[in-house]
Amino acid sequence: MGDTPASGTEPPDAVRLSAWVHGVVQGVGFRWWTRSRALELGLTGQARNAPDGRVHVVAQGSRAACEKLLGLLRSGEAPGRVTLVVESWEPARGDMSGFEER
């Protein structure tokens, strides 16, 4: 599976979602699962572990796709146990390609 779309091909309604995911989300396949869902939705970005046990997800693409990913993060379907997702939104920057686990 490729890491498309490439940087610079964001749709006109492109946004950047930053989501801090709280709970038991490290060491359970959460970042891999998030990456898979993001790529299925055509998003670029990253999911990285934070030192305090949270996972920081940054996703960029259409507003609808980012909202779908946010819903999946909150759905209870993700590995581990998500207790809270704190989100913020901003305009897309066009500075990402693929979706990385860090």
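The values are calculated or read from the model by the stated rules, or taken from the named source; none is laboratory data. The structure presented is a predicted model; accordingly, all values stated were derived computationally and were not measured. Cβ coordinates were reconstructed from backbone atoms using ideal geometry, including for glycine residues, and neighbour counts include every protein chain displayed.
Taking the conditions (1) assigned to a loop (DSSP other than H, G, I, E, B); (2) over 15 Å from the mean Cα position of the chain (by Cα); (3) of a type in the set (Gly, Ala, Ser) in turn, ALA78 satisfies each one other than (2). Taken over region 47-60, the criterion of being touching a helix residue (DSSP H, G or I) at 6+ places or on another chain (Cβ under 6 Å) and over 11 Å from GLU101 (Cα atoms) is satisfied by ALA59 alone.
Residue check: VAL28 meets all listed conditions (1) buried (at least 19 other Cβ atoms within 10 Å of the Cβ); (2) of a type in the set (A, V, I, L, M, F, W, C); (3) assigned to a loop (DSSP other than H, G, I, E, B) but one, namely (1). Restricting attention to region 1-26, the residues being of a type outside the set (Lys, Arg) and at pLDDT 95 or above number 11.
GLU77 meets the conditions (1) modelled with pLDDT under 95; (2) crowded, with 18+ Cβ neighbours inside 10 Å in every case but one. The failed one is (2). Applying the selection to region 35-46, what residues are out of contact with any helix residue (DSSP H, G or I) (no Cβ under 7 Å at 6 or more places or on another chain) and not in a strand (DSSP E or B)? ARG35, SER36, LEU39, GLU40 - these are the residues of region 35-46 that are out of contact with any helix residue (DSSP H, G or I) (no Cβ under 7 Å at 6 or more places or on another chain) and not in a strand (DSSP E or B). Give all pairs with beta carbons closer than 7 Å in which a residue from region 74-102 that is on the phi > 0 side of the Ramachandran plot meets a residue that is at pLDDT 90 or above and part of a loop (DSSP other than H, G, I, E, B); count only pairs at least 6 apart in sequence or on separate chains. Once the first residue is on the phi > 0 side of the Ramachandran plot and sits in region 74-102, its partners that are at pLDDT 90 or above and part of a loop (DSSP other than H, G, I, E, B) give GLY80/VAL25; GLY80/VAL28. For the subset of region 48-57 comprising residues that are more than 16 Å from TRP32 (Cβ to Cβ) and touching a residue at least 24 places away in the same chain (Cβ under 8 Å), which member is farthest from the chain's Cα centre (by Cα)? Among those that are more than 16 Å from TRP32 (Cβ to Cβ) and touching a residue at least 24 places away in the same chain (Cβ under 8 Å), it is GLY53.
When ALA59, ALA92 are checked against the criterion of being small (Gly, Ala, Ser), crowded, with 19+ Cβ neighbours inside 10 Å and at pLDDT below 95, ALA92 stands alone in meeting it. Counting the residues of region 47-68 that are touching a Leu at 6+ places or on another chain (Cβ under 6 Å) and either within 13 Å of VAL21 (Cβ to Cβ) or not in a helix (DSSP H, G or I) (or both) gives 2.
With respect to the conditions (1) in a helix (DSSP H, G or I); (2) farther than 11 Å from ARG16 by Cα, THR83 lacks only one, and its number is (1).
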